[in-house]
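Here's the structure, in structure tokens; my notes come after.
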Amino acid sequence: MNSALESFASYLREHNLPVTPQRLAIADVVLGSASHLSADDVARELKSRGAAAGLATVYRTIEVLIRSGLVVERDFGEGFKRYEPARDMPHHEHLLCSICGRVTEFRDERLERITTLIAEQHRFSRQGHRLVIYGTCAECRRGLT
């Protein structure tokens, strides 16, 4: 069992929650993904692995993963939420392809500086920010031409 999955199992035990095969399978999908998965994506991946878990179980387990601090919820305004492992990555932003739904993470120190400057100009105590850039990825643009 990898360390993130073991951390989740420990969290479940510490909070007197059952450590079930379904919960561990769901956690394995989400924690092992480099993508920003929806609950439907998780359910599809589970099915492809031959593991069975209903969508309600997927949602409940994702909520526990979020409470554990191992997963972060993202809402890109698509009508559903996506989830990503809470890696040791510093604050980052997202590019979202409006055709294929691919999410690309990026970090730019210039953006960090400019948001701080803008907050200071407005005498605002900056605590954080969130940026999603919507557009079309290179792969989809190649398919459009």
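Read-outs: derived from the displayed coordinates by stated rules, not from any lab. Because the structure is predicted, anything quoted here is derived from the model rather than measured. Because the Cβ atoms are built from the backbone with ideal geometry, glycine has one as well, and the counts that use them run over all protein chains shown.
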Compute the angle between helix 21-31 and the longest alpha-carbon principal axis of the chain, please, reported from 0 to 90 degrees and rounded to the nearest 10. 20 degrees
Could you check which residue among S68, S125, S98 shows the biggest mean-square fluctuation in a GNM of the chain with a 10 Å Cα cutoff? S125
Check V19: other-chain or 5+ apart residues with amide H under 5 Å from its amide H, H built from backbone geometry? none
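With charges set only on the Cβ (+1 for Lys and Arg, -1 for Asp and Glu), what does the dipole of segment 43-112 come to about its Cα centre, in debye to the nearest 20?
Numbers: 12 positive and 12 negative charges, 96 e Å.
Here segment 43-112 has a charge dipole of around 460 debye.
How high is the relative contact order of segment 93-144, in percent, counting Cα pairs under 8 Å that sit 6 or more residues apart? Show your work: numbers first, answer last.
Numbers: 47 pairs, mean separation 26.0, N = 52.
It comes to 50 percent, rounded to a whole number.
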Between segment 33-95 and segment 99-145, how far is it from one alpha carbon centroid to the other, in angstrom? 21 Å
For the chain, take the longest principal axis of its alpha carbons; what is the angle in degrees between that and the long axis of helix 3-14, to the nearest 10 within 0 to 90? 60 degrees
Note on the chain: contact order normalised by length, alpha-carbon pairs under 8 Å, 6 or more apart, percent, works out to 19 percent
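Stokes-Einstein D for the chain at 20 °C, 1.002 mPa s, Kirkwood Rh over Cα pairs, in µm²/s?
125 µm²/s
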For labels at T20 and R113 in the simple 7 Å Cα→Cβ model, what's the distance in nm? 5.2 nm
How big is the Kirkwood radius of segment 3-85, worked out from every pair of different alpha carbons and given in Å to one decimal? 12.6 Å
Applying a 10 Å radius around every beta-carbon, put 126-132, 3-9 in order of their mean neighbour count, most first. 3-9, 126-132
Based on DSSP H runs of at least 4 residues, each adding -39500 (n - 2.57), what is the mean residue ellipticity at 222 nm of the chain after dividing by all its residues, to the nearest 500 deg cm²/dmol? -14000 deg cm²/dmol
In what sequence, highest mean first, do 50-60, 23-33 appear when ranked by Cβ atoms within 10 angstrom? 23-33, 50-60
